[in-house]
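The values are calculated or read from the model by the stated rules, or taken from the named source; none is laboratory data. For clarity, every value in this text was computed on a predicted model and none was experimentally measured. Cβ sites come from the backbone with ideal geometry, for glycine too, and all protein chains shown count toward neighbours.
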Amino acid sequence: MVPIVRGDLTGKTVMVTGANSGIGFEAAKHFATMNPARLIIVCRSVEKAQQSIKQIQEETGYKNAEPMALDLGKFSSISEFVTQASKTLDRLDILVENAAVATMGKYIQTEDGWESMLQVNSLGPALHVLLLLPIIMNTAKSHSVVPRIVVVSSEVIFFANIGSDAIAASNTLETLSSKEYCTPEVFATRYQQSKILNIMLVHKLAELLPTNIVPVALNPGFCLSGLRRDAEGERAAKFQTNGEGSRQIIYSAIGGKDEELRGAFTSYSQVLEISDWMLSEEGKKAEDKIWVEMIDLFGKLDDRIPGIVAECFKA
């Protein structure tokens, strides 16, 4: 078992999405033992967040956890969340984008009309990160610290890619989301594709943000989390515990060296090279094209995005 990284988070603010169960909850407990000034527990409902906070307090004695509600399957929820957060958060040192869904081969659309794994696992977290960037960058500047943006990806990125037909389409994201495109064969790798997009997001953030912000993606390992709650028998025995998987979140959040982790993909507390496809010319083309499409989409969803892009990213 990889040892847990320890640190002193006194005075700092940590936010964890999907913190009501699985590795998100276990990571939140670890953070609580390091004395952050504020620990923001983000779940789909305030009630779920409050339940997690009660358990965290009982198990760790930490009393400064705060609940916030966020539904990554609704773009309006993300915008409203950041509007409220901007009123109450004076700093954000560690942001952990952990929430995700796996629909087990079922094509399900969100209320916004997007395929649910694409929106909840990829587009939603990306919009959430971008809207929080002003707070994160102000934290770096005002407190002379190096905030980290931690995005939970997966080792499944090695088992899939973005189809060349989707890359060649006029809009790759809309193509990936369409029911017509999502044949059973294509959809069999949708979860993997959503995790590839997580790494693409981290790459672009590292490319465009100042060096005093550290975006990092990670593989928590195969964990018996809510995503795989139906596993049993020999299949379940192959998984790590959520406690073991959460250690990878902590490593990416406070471990290693900033310059080594910036834009990296970590696995078992080490920087791991991404897949050959992602390193290929086609993979890089897909990354650039999808980034442009995301920024265009987000600008239509929230009028703060163009200003954030102009202010936060290098020309």
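Observations on the structure shown:
- Filtered residue count, segment 172-218, keeping only those that are crowded, with 24+ Cβ neighbours inside 10 Å and over 21 Å from the mean Cα position of the chain (by Cα): 0
- When the residues of segment 12-33 are filtered to those that are more than 19 Å from the chain's Cα centre (by Cα) and free of Cβ contacts under 8 Å to residues at least 40 places away in the same chain, the one that is surrounded by the most Cβ atoms within 10 Å (Cβ to Cβ) is Ala32.
- As for segment 49-61, it holds no residue that is among the hydroxyl-bearing types (Ser, Thr, Tyr), in contact (Cβ under 8 Å) with a residue 12 or more places away in the chain, within 24 Å of Ile199 (Cα to Cα) and surrounded by fewer than 23 Cβ atoms within 10 Å (Cβ to Cβ).
- Of the candidates Val186, Val202, the single residue that is free of Cβ contacts under 8 Å to residues at least 24 places away in the same chain and either among the charged types (D, E, K, R) or in a helix (DSSP H, G or I) (or both) is Val186.
- Single residue of segment 104-123 satisfying the filter (touching a strand residue (DSSP E or B) at 6+ places or on another chain (Cβ under 8 Å) and in a loop (DSSP other than H, G, I, E, B)) that is surrounded by the most Cβ atoms within 10 Å (Cβ to Cβ): Tyr107
- For Ala99: the one exception among (1) touching a residue at least 60 places away in the same chain (Cβ under 8 Å); (2) closer than 21 Å to Gly299 by Cα; (3) within 12 Å of the chain's Cα centre (by Cα): (2)
- Of all residues in segment 210-247 being at pLDDT 95 or above and not in a loop (DSSP other than H, G, I, E, B), the one that is farthest from Ala140 (Cα to Cα): Asn219
- Scanning segment 54-73 finds no residues that are in a helix (DSSP H, G or I) and under 20 Å from Gly124 (Cβ atoms).
- Scanning segment 151-170 for residues that are more than 16 Å from the chain's Cα centre (by Cα) and buried (at least 16 other Cβ atoms within 10 Å of the Cβ) returns Phe158, Ala160, Asn161, Ile162, Gly163, Ala166, Ile167, Ala169.
- Failed criterion for Ser142 (all others in (1) of a type in the set (Gly, Ala, Ser); (2) surrounded by fewer than 20 Cβ atoms within 10 Å (Cβ to Cβ); (3) touching a Leu at 6+ places or on another chain (Cβ under 8 Å) hold): (3)
- Test: residue in segment 279-296 that is crowded, with 19+ Cβ neighbours inside 10 Å and of a type in the set (S, T, N, Q): no
To keep it simple, each residue is scored yes or no on (1) touching a residue at least 12 places away in the same chain (Cβ under 8 Å); (2) touching an Asp or Glu at 6+ places or on another chain (Cβ under 9 Å).
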{"site": "Ser144", "(1), (2)": "no, no"}
{"site": "Ser154", "(1), (2)": "yes, no"}
{"site": "Gly163", "(1), (2)": "yes, no"}
{"site": "Tyr181", "(1), (2)": "yes, yes"}
